[in-house]
Every structure is written in C-alpha cells, then in structure tokens.
C-alpha cells in the first residue's frame with residue numbers, strides 16, 4: 001500500500017546509498033595515502049642508508065622534498081578522515097530520519113487497515129441486520145406506546 005511517506009523514504013535511501021559509496025571512496029583514499037606514506041618512509045630509509053655510506057653525497061634537498069611530501073600526505077589523510085567523520089554523522093542522521101519515516105508509514109498503513117476493517121465490519125453488521133429483518137417475515141416492526 002502506498003503512503004504519503006514513500007517518496008521521502010526512497011529519497012532518503014538514495015541519499016544513504018550515495019553517502020555509503022562516498023564513505024567507501026574516502027576510506028579507499030585513506031588506504032592509498034597510507035600506502036604512499038609507507039612507500040615514502042621506506043624510500044627515505046633506503047636514502048638514509050645510501051647517504052650514510054657515501055659521506056660526500058648531499059641529500060639535504062632530497063630529504064627536505066621528501067619530508068614536505070610526507071607532510072602533504074599527512075594533511076591529505078587528515079582531511080579525508082575529517083570528511084569520513086562528517087559523512088558518517090550525516091549518514092547517521094539520514095538513517096535516523098528514514099527510520100522515523102518508515103515507522104510513520106507503518107502507522108499510516110496500520111490505521112488504513114483498521115479503517116478498512118471497521119468499514120467491512122459495518123457492512124457485515126448492516127447485511128446481518130437486514131437479513132434478520134427479512135426473516136422476521138412480512139410482519140412490519142411495530143412500535144407501541146402505552147399511554148396511561
């Protein structure tokens with residue numbers, strides 16, 4: 001049975017699905033950033049090892065550039081984490097409102113069924129009363145009033 005809430009519920013479900021996909025994309029982005037950070041750390045360790053063996057080689061520019069890149073990755077990870085937190089909060093609110101709307105739709109359906117059942121019962125009662133009147137015969141129903 002259709003309710004006035006169905007359209008809003010479908011819209012909320014789409015919003016929640018979209019948020020879920022966005023959260024997944026951001027989570028994937030965080031994993032990629034973490035992998036890039038780890039690769040950068042490993043590369044930096046190798047470079048430190050090479051530099052320690054060749055004392056005449058200057059690695060200052062490389063190290064500065066690598067540390068700058070690591071800071072950028074850290075900032076990107078922080079931004080992605082904050083975005084995930086915001087999206088999760090938003091999804092939680094949307095889910096809560098969807099549950100409220102679904103409960104309202106269930107209430108609407110229940111009330112509609114009750115109204116239909118009462119109307120059906122009235123119809124059955126009217127048919128039973130008219131059948132009883134017909135079985136009583138052709139004798140009309142007489143109302144008497146005793147006056148003293």
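All of the numbers you see were taken from the coordinates with simple rules; none came from a lab. Keep in mind that this is a model prediction, so the values were computed, not measured.
Among [x] 25.5, 93; [y] 37.5, 136; [z] 15.7, 48, only one was calculated for this model; which label is it, if the read-out is Rg and Dmax of the Cα atoms in Å?
Recomputing Rg and Dmax of the Cα atoms in Å here gives the entry labelled [y].
So what is the relative contact order for the chain, in percent, with contacts set as C-alpha pairs under 8 Å and at least six apart? Don't skip to the answer; put the middle values down first.
Details: 55 pairs, mean separation 63.7, N = 148.
That works out to 43 percent.
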